[in-house]
Amino acid sequence: MPVALVTGANRGLGLEFTRQYLDAGWRVLAACRQPETSEAFVELGGEMLTPVAIDVTDHDTIAAAAQQLAGQAIDVLINNAGVFGPNSGQHNDWRQNFGHMDYDVWADVLRINTMGPFRMAEAFVENIASSEQKKLVTISSSLGSIGDPEKGQHFAYRTSKAAINMAMATLADELAPQDIVVGLLDPGWCRTDMGGGGADFDPADSVARMRALIEGMTIGDTGRFLRHDGYEHPW
Ligand SMILES: NC(=O)c1ccc[n+]([C@@H]2O[C@H](COP(=O)([O-])OP(=O)(O)OC[C@H]3O[C@@H](n4cnc5c(N)ncnc54)[C@H](OP(=O)(O)O)[C@@H]3O)[C@@H](O)[C@H]2O)c1
């Protein structure tokens, strides 16, 4: 049976990926910062869900998880954990806007959204390489596309996603000889804690579409940046 490792699996899109892969009969290595207190994991339960403690900014937790999972094939690693940072639009918090930048906030957002997925790739590449499907997927955002700019500021978030796009596009070439498919997906604006209640998409629908895209990915797709509906974003 296929195995997925999902970061940020305790809520939002990560929880939805976890739920849907479990429903489809996969084993899910559900990673979050505090799995022992995750009510969502208790609700999902079952022997197919393995809670894993990972804070994507904390190398020790990633190294410990990699040790825990040594020898375990991982068909799909989903780098989903992420933060938006201060949201000037909704909360009058300007700390990632020009003229108001909080550089500690910017560094934190880069640590989570950019370095986190890269670190996960370094730690689990052998697990992915030893699997049947060999897919490394990172949840990016349309706000990380330079060629398809949306209005607004949010410099910390935008740069963090543009940077992970570059890192994963580069990694796609590096990992191609091992037949590892590297994918970047934009879920669209979804109704999660991050997206808020007024967002366009139900997380279940977006995740179902992204799962279908992941299912169809071949090595010929490596390095592509796709929206949930299959539209290819310009970089
Ligand atoms: N929702 C949208 O409209 C939207 C649009 C485009 C892209 N995205 C991307 O989709 C992904 C998921 O977003 P979401 O909407 O599901 O967000 P969310 O509901 O706010 O959930 C974020 C998840 O990331 C986890 N996380 C944050 N920092 C972490 C860290 N240092 N280590 C491990 N986990 C951490 C959170 O864990 P805790 O519970 O411990 O905080 C939570 O599980 C993100 O990468 C986001 O940028 C979302």
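Some observations on this one:
- In the stretch 66-83, the qualifying residues are those that are within 14 Å of the ligand (Cβ to nearest atom) and buried (at least 21 other Cβ atoms within 10 Å of the Cβ), and the one that is nearest to Ala156 (Cα to Cα) is Gly82.
- Among residues of the stretch 42-65 being among the charged types (D, E, K, R) and in a loop (DSSP other than H, G, I, E, B), the one that is most open to solvent (accessible area, probe 1.4 Å) is Glu47.
- Here Ile180, Ile164 are screened, and the one residue that is in contact (Cβ under 8 Å) with a residue 12 or more places away in the chain, touching a helix residue (DSSP H, G or I) at 6+ places or on another chain (Cβ under 8 Å), more than 16 Å from the ligand (Cβ to nearest atom) and within 30 Å of Ala64 (Cβ to Cβ) is Ile180.
- Search result, residues across the stretch 131-161 that are open to solvent by 30 Å² or more (accessible area, probe 1.4 Å), within 20 Å of Ala121 (Cβ to Cβ) and either of a type outside the set (Asp, Glu) or in contact with a helix residue (DSSP H, G or I) (Cβ under 7 Å, 6 or more places away or on another chain) (or both): Gln133, Lys134, Thr159
- Just one of the numbered conditions (1) surrounded by fewer than 19 Cβ atoms within 10 Å (Cβ to Cβ); (2) at pLDDT below 95; (3) within 13 Å of the ligand (Cβ to nearest atom); (4) not aliphatic (A, V, I, L, M) is not true of Asp108: (2).
- Cβ pairs under 7 Å, 6+ apart, first in the stretch 4-23 and in a helix (DSSP H, G or I), second β-branched (Val, Ile, Thr) and surrounded by fewer than 24 Cβ atoms within 10 Å (Cβ to Cβ): Gly12/Thr192; Leu13/Thr192
- Filter result for Asp60 (more than 11 Å from the ligand (Cβ to nearest atom), in contact (Cβ under 8 Å) with a residue 24 or more places away in the chain and under 15 Å from Phe124 (Cα atoms)): no
The values are calculated or read from the model by the stated rules, or taken from the named source; none is laboratory data. The model shown is predicted, which means the values in this text are computed figures rather than measured ones. Cβ sites come from the backbone with ideal geometry, for glycine too, and all protein chains shown count toward neighbours. The area values use the complete protein model at the heavy-atom level, side chains included, leaving out ligands, DNA and RNA. Shrake-Rupley method; radii C 1.70, N 1.55, O 1.52, S 1.80 Å.
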